[in-house]
Amino acid sequence: MLAAIGLDEAHESAYRALVAVGAADVPDLARRLSLGEYVTERALRRLERHGLAAQSSARPGRWVAAPPGVALGALLTQQRHELEKAELAAALLAEEYRAQAAEPAVHDLVEVVTGAAAVSRRFLQLQLGASDEVCALVTGNPVAVTGPENHAEEQAADRGVDYRVVVERAVLDLPAGVAELTAALNRGERVRVVDQVPTKLVIADRSLALVPLTSRTAEPAALVVHASGLLELLSGLFESVWRDALPLRLGVADDGFTEGTPDQPDTADLEILSLLLAGLTDASVAKQLDLGLRTVQRRVKRLMELTGVTTRLQLGWHAYERGWVVRDRRP
């Protein structure tokens, strides 16, 4: 029933058996399947490539089933029109998994994902499997997934998933940084800026998180954290950074300031203000918005005259008081 996502009967049987027991080593699983250990290990490797199984980080040689609701849900979202039967199988497997894993073992609460392709796949799965909210801390040096490759973000946002994203200032200096953030804001995502985030982090529905592992090797690695005290700690970290971050306003055409009036800024003015308050220089703002440096400086001077101030620090204060740079007051 899972052939639509590339699993034949042998691989599906291996996954079902692994789900039934939660975790097993190759010899034990081979006995359950009445197969040789070599064939069983090959099946597990195939399941690993699909994100359906992983080797336990705490017990070498032991394989753990990925939660069907997360792993299969992401695949089904991408190929739903071809996978109606597979969706039914995933629901049944998820129910069986929940019944078996009501009290998960401590070593199964954290998975180690190694390799750029595996980290990228799990990062996309988290978003595609989210139903309510995705929270993220974003640095200016993506390793496994770059902004243009993250199509899952658009798909999840289209399904009504709420995004709260904190980016560090370096993201605004990336060649396509402002353009990507503008697109995110126009999709209804909430974006804030800080000088530097403590770590890259993605949390889906407060039930699953992905955080990178520092390593001396060149190969990227990450931890997948399931519901646990560690996940609560990561959620608390995100909320702390979110509270202290600065809301970002870029390219929003329906904010009431589009045309501008003699006593009000227009959309370009608000974009300039937002980027300046985020810490960019006049030259960086001009480059990101494709404006001339003198144009940026002229607009800033006009805003200072409009608010009756003599310094940019005063301008920032007045901009907040007048609601020019606050996009979202929600927590």
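Where a number appears in this text, it was derived from the coordinates with a stated rule and is not lab data. Keep in mind that what you see is a predicted model, and the values were worked out from it rather than measured. All Cβ positions, glycine included, derive from the backbone under ideal geometry; neighbour counts span all protein chains shown.
Skipping prolines and chain starts, which residues have an amide H placed within reach, meaning under 5 Å, of the one on Ala53, given they are 5 or more residues away or on another chain? Distant-sequence amide H within range of Ala53: Glu48, Ala66. Distances between placed amide hydrogens fall under 5 Å for Leu201 paired with Leu137, all partners being 5 or more residues away or on another chain. Peptides 290-296, 134-140 ranked from most to least packed by the mean count of surrounding Cβ atoms within 10 Å: 134-140, 290-296.
Taking a sphere under 15 Å around the Cβ of Ala43 and counting the other residues whose Cβ falls inside, with K and R at +1 and D and E at -1, yields a net charge of -1.
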